[in-house]
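The structure appears right after this line, and notes come after that.
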Amino acid sequence: MGNLEAQNLFWIGLVGAVLALLFALFQSRKVLRFSEGTDLMKKIAASIRQGANAYLKRQYTTVVKFFIVMVIILAILAVVKFVSPFVPFAFVTGGFYSALAGFVGMKIATSSNARTAHAAHESLNKGLNVAFSSGAVMGFTVVGLGLLDISVWFIILNYGFHLPFSEIAQTMVMFGMGASSMALFARVGGGIFTKAADVGADLVGKVEAGIPEDDPRNPATIADNVGDNVGDVAGMGADLYESYVGSILATFALGASAYGALGKGWNAMLLPVAIAVVGVLCSILGTFLIRTKEDATQKSLLATLRKGTYTAAALAAILAAPLTWFILGSEYMGVYVAILAGLVAGCAIGYFTEYYTSDTYKPTQTLADSTETGAATTIIGGISLGMKSTAAPIVIIAIAVIVAFLSAGGSLSTNSADYAALFSKGLYGIGIAAVGMLSTLGITLATDAYGPVADNAGGIAEMSGLGEEVRERTDALDSLGNTTAATGKGFAIGSAALTALALLVSYVDVVNGKLAEMGDGHLLDLSLTNPAVLVGLFIGAMLTFMFAAMTMSGVQRAAQSIVVEVRRQFREIQGIMEGKTDPDYAACVDLCTRGALHEMIAPSLLAVIVPIITGLILGAEGVVGLLGGVTVTGFVVAVFMSNAGGAWDNAKKYIEGGKHGGKGSDCHKAAVIGDTVGDPFKDTSGPSLNILIKLCSTVSIVFSTLIVNFNLFK
């Protein structure tokens with residue numbers, strides 16, 4: 001395919017966007033056709049919906065203030081020609097679409113929770129069908145909006161302003177900052193809200209008062225269910241949106257750099273978009289395979305979700321071969337191997353995450369055994385499990401990076417005469433591997449987003465007094481959702497590592513290009529013996545732990561206020577424990593909202609400010625060190641926290657299923673304490689870290705000209 005044909009084929013991104021959004025609309029209408037059940041179920045669902053809407057409205061109001069300040073700063077930088085004049089506008093659109101993806105997911109989740117509970121009253125398969133369909137709305141909205149944002153901006157820059165492909169690529173790689181900023185606020189704020197409510201409800205309700213989870217007598221139970229939607233749905237949607245867009249934009253820049261001199265710059269930029277469109281089609285086909293039998297075990301429930309996701313990945317792998325041949329040509333089929341490396345790595349990380357967090361396997365069962373000797377050994381066992389679980393993802397990502405680099409034409413030997421050109425091709429391979437891993441995000445995210453809906457359904461079933469068989473079905477779906485949520489987080493973290501590597505390389509390319517324009521012959525010195533690089537590495541490593549500490553402390557402080565409030569209501573409001581008086585649910589929702597909005601500001605600003613300050617002091621080399629340090633430590637700590645938290649949660653579910661004395665036993669109380677420790681691990685700090693490492697990269701790229709021109713090491 002020639003350059004002109006490739007340039008004129010970018011409209012397929014719009015086709016993919018329309019297909020994804022229409023399928024999301026189809027799935028939403030399918031969900032809304034189901035009944036919400038009894039009047040009491042409708043009332044509870046309405047309370048959850050009202051709380052979620054109120055929180056998001058206040059969150060977006062807060063975030064808008066940050067966006068206004070950043071747009072002013074970017075506009076000033078655009079005036080002095082330190083950034084492209086398109087960047088301030090793209091910053092806004094990226095943030096808007098990221099927020100919209102989360103908002104749409106939250107709206108359908110709060111509309112499907114009671115419907116899932118009512119459907120589970122009829123059968124397990126129907127309950128799974130409703131919950132998964134609502135998750136599919138989130139999944140396909142994310143990929144649809146992502147492709148729409150990228151395609152519209154490409155059309156504007158190409159056909160509206162007639163920019164060359166290299167300038168389009170270098171401009172668009174800066175566009176991810178808005179999406180990353182919105183995603184971090186959504187993840188951190190939503191994560192603090194949901195875990196403050198969850199920890200407060202569990203510690204006072206389960207441990208102190210000895211009442212079941214989601215018992216209507218617990219004042220924090222509505223806030224807990226609201227939190228599932230604003231954290232695990234809205235926050236996750238914004239998170240995966242920026243991962244999806246970031247991987248494509250980074251590969252744009254790497255493709256233009258690697259293949260521009262070969263006359264295939266447009267082709268290399270078209271390929272990631274085409275792969276994403278094929279991924280949409282394969283994901284749609286995979287969703288029709290998700291169904292189960294009435295007496296399904298956890299193992300068979302996992303198998304049916306695997307069938308859908310693995311089939312989609314296999315179809316994408318098959319179709320990517322002719323696509324690569326058609327767009328790049330037969331001489332560049334090594335790029336196809338890089339795509340396969342990403343797809344396989346994504347599935348492998350998902351499998352090992354499932355192994356370490358599902359109660360179907362030995363690690364979580366062994367963790368449940370540790371509750372026999374109390375909460376302390378449960379916590380020690382969970383931390384150990386989480387640390388051990390980092391080995392497999394690290395090895396998988398390492399293999400994927402090397403395979404993608406070498407198969408795409410990269411060379412590790414510096415003796416080659418055309419080493420620079422070969423190295424660029426290899427880096428493009430790493431970027432396209434990240435795109436391959438995220439190509440079937442539609443169905444992968446659907447299996448993840450379904451979990452909070454199932455959790456809400458269980459809560460509504462408990463609060464509305466549905467039969468024991470309904471609660472058993474929703475518990476089965478909820479337990480499966482814990483595993484798929486952990487798998488989804490592992491997948492997101494793995495893709496974040498590849499995307500962050502691609503963005504880091506894009507940063508180096510951008511800076512070296514700016515240094516070449518300055519004409520002083522200076523290029524980046526990235527050796528470890530360079531003090532700026534070495535200090536940057538330490539700062540990046542510190543940033544990971546400082547960010548995790550700040551988000552954990554945010555949950556702690558917000559949860560303490562909930563614990564105090566729930567204890568107050570149990571003590572002061574007569575008739576709650578007898579079921580004669582309703583608790584003040586709104587007070588807990590309001591406390592969580594105020595706590596989350598207050599606590600999300602500082603850690604989110606940290607990711608923006610630290611790379612800029614580091615660059616102004618240590619120069620571009622220091623920033624590269626920072627990005628390397630935060631990427632490596634952020635990836636490992638995120639895997640550790642997400643898997644440890646997921647295992648603690650499912651160990652608790654395993655005991656609640658009747659093992660080790662079941663609900664109310666000493667083992668159960670120890671497991672609940674382990675789960676409360678794991679809550680901010682898996683739903684706040686862990687998943688937020690993958691956004692941190694990408695936001696640091698995009699901020700560095702956007703402010704690269706400022707850093708090159710003004711730094712103490714200049």
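The values are calculated or read from the model by the stated rules, or taken from the named source; none is laboratory data. Quick caveat: nothing in here was measured; it's all calculated off a predicted structure. Heads up, the Cβs are rebuilt from the backbone with ideal geometry, glycines too, and the neighbour counts pull from every protein chain shown.
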Exercise. Kindly list the number of the only condition in (1) crowded, with 19+ Cβ neighbours inside 10 Å; (2) free of Cβ contacts under 8 Å to residues at least 40 places away in the same chain that fails for Gly451.
Key: (2)
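Yes/no per residue for (1) more than 18 Å from Gly615 (Cα to Cα); (2) among the hydroxyl-bearing types (Ser, Thr, Tyr); (3) in a loop (DSSP other than H, G, I, E, B):
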| site | (1), (2), (3) |
| --- | --- |
| Ala492 | yes, no, no |
| Tyr507 | no, yes, no |
| Leu528 | no, no, yes |
| Met546 | yes, no, no |
Quiz item: Mind checking whether some residue in the range 99-117 is buried (at least 23 other Cβ atoms within 10 Å of the Cβ) and within 30 Å of Leu706 (Cα to Cα)?
Solution: yes
Quiz item: Quick one: which of Gly442, Gly465 is at pLDDT 85 or above and either out of contact with any His (no Cβ under 8 Å at 6 or more places or on another chain) or at positive phi (or both)?
Solution: Gly442
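Conditions (1) at positive phi; (2) touching a helix residue (DSSP H, G or I) at 6+ places or on another chain (Cβ under 6 Å); (3) of a type outside the set (Gly, Ala, Ser); (4) outside any helix (DSSP H, G or I), marked per residue:
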{"position": "Phe10", "(1), (2), (3), (4)": "no, yes, yes, yes"}
{"position": "Val18", "(1), (2), (3), (4)": "no, no, yes, no"}
{"position": "Leu22", "(1), (2), (3), (4)": "no, no, yes, no"}
{"position": "Gln27", "(1), (2), (3), (4)": "no, yes, yes, no"}
{"position": "Val31", "(1), (2), (3), (4)": "no, yes, yes, no"}
{"position": "Phe34", "(1), (2), (3), (4)": "no, yes, yes, yes"}
{"position": "Gly37", "(1), (2), (3), (4)": "yes, yes, no, yes"}
Quiz item: List, please: which pairs have Cβ atoms under 8 Å, are six or more places apart or on different chains, and start with a residue in the range 615-641 that is without any contact (Cβ under 8 Å) to a residue 40 or more places away in the chain and end with one that is in a helix (DSSP H, G or I) and surrounded by 22 or more Cβ atoms within 10 Å (Cβ to Cβ)?
Solution: none
Quiz item: Which number in (1) within 28 Å of Phe193 (Cα to Cα); (2) of a type in the set (Val, Ile, Thr); (3) exposed (fewer than 13 other Cβ atoms within 10 Å of the Cβ) marks the one condition that Ile573 misses?
Solution: (3)
Quiz prompt | Criterion: surrounded by fewer than 24 Cβ atoms within 10 Å (Cβ to Cβ) and either in contact (Cβ under 8 Å) with a residue 60 or more places away in the chain or within 19 Å of Gly37 (Cβ to Cβ) (or both) - qualifying residue of Leu466, Leu441 | solution = Leu466
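From the list Gly657, Gly662, pick out the single residue that is free of Cβ contacts under 8 Å to residues at least 24 places away in the same chain and touching an Asp or Glu at 6+ places or on another chain (Cβ under 8 Å).
So the residue among Gly657, Gly662 that is free of Cβ contacts under 8 Å to residues at least 24 places away in the same chain and touching an Asp or Glu at 6+ places or on another chain (Cβ under 8 Å) is Gly662.
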Quiz item: Just a yes or no: is a residue in the range 267-286 among the aliphatic types (A, V, I, L, M), surrounded by fewer than 18 Cβ atoms within 10 Å (Cβ to Cβ), in contact with a helix residue (DSSP H, G or I) (Cβ under 7 Å, 6 or more places away or on another chain) and over 22 Å from Val245 (Cα atoms)?
Solution: yes
Quiz item: Of these, Glu354, Glu331, which one is among the acidic types (Asp, Glu) and closer than 24 Å to Ser283 by Cα?
Solution: Glu354
Practice problem: Quick one: count up the residues across the range 336-366 that are over 26 Å from the mean Cα position of the chain (by Cα) and not polar (S, T, N, Q). | Solution: 1
Quiz item: Only one of (1) buried (at least 22 other Cβ atoms within 10 Å of the Cβ); (2) of a type outside the set (Ser, Thr, Tyr); (3) more than 20 Å from Ala500 (Cβ to Cβ) is not met by Pro393, so which one is it?
Solution: (3)
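Conditions tested, residue by residue: (1) surrounded by fewer than 21 Cβ atoms within 10 Å (Cβ to Cβ); (2) out of contact with any helix residue (DSSP H, G or I) (no Cβ under 6 Å at 6 or more places or on another chain); (3) free of Cβ contacts under 8 Å to residues at least 24 places away in the same chain.
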| position | (1), (2), (3) |
| --- | --- |
| Phe545 | yes, yes, no |
| Ala548 | no, no, no |
| Val563 | yes, no, no |
| Asp582 | yes, yes, no |
| Val589 | no, no, no |
Exercise. Please give the number of the condition Leu163 fails out of (1) of a type in the set (A, V, I, L, M); (2) without any contact (Cβ under 8 Å) to a residue 24 or more places away in the chain; (3) assigned to a helix (DSSP H, G or I).
Key: (3)
Quiz item: Can you tell me how many residues in the range 662-714 are part of a helix (DSSP H, G or I), under 28 Å from Asp228 (Cα atoms) and not aliphatic (A, V, I, L, M)?
Solution: 21
Quiz item: From the residues in the range 206-221 that are in a helix (DSSP H, G or I) and within 30 Å of the chain's Cα centre (by Cα), which one is surrounded by the fewest Cβ atoms within 10 Å (Cβ to Cβ)?
Solution: Lys206
Quiz item: Are there any pairs, at least 6 apart or on different chains, whose C-beta atoms fall under 8 Å, with the first in the range 372-388 and acidic (Asp, Glu) and the second surrounded by 15 or more Cβ atoms within 10 Å (Cβ to Cβ), and if so, which?
Solution: Glu372/His660; Glu372/Cys667
Quiz item: Which of (1) in a helix (DSSP H, G or I); (2) surrounded by fewer than 19 Cβ atoms within 10 Å (Cβ to Cβ); (3) not charged (D, E, K, R) is the odd one out, the single condition Leu289 does not satisfy?
Solution: (1)
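Among Ala446, Ala368, Ala421, which is buried (at least 22 other Cβ atoms within 10 Å of the Cβ), touching a residue at least 60 places away in the same chain (Cβ under 8 Å), under 29 Å from Gly246 (Cβ atoms) and not polar (S, T, N, Q)?
Among Ala446, Ala368, Ala421, only Ala446 is buried (at least 22 other Cβ atoms within 10 Å of the Cβ), touching a residue at least 60 places away in the same chain (Cβ under 8 Å), under 29 Å from Gly246 (Cβ atoms) and not polar (S, T, N, Q).
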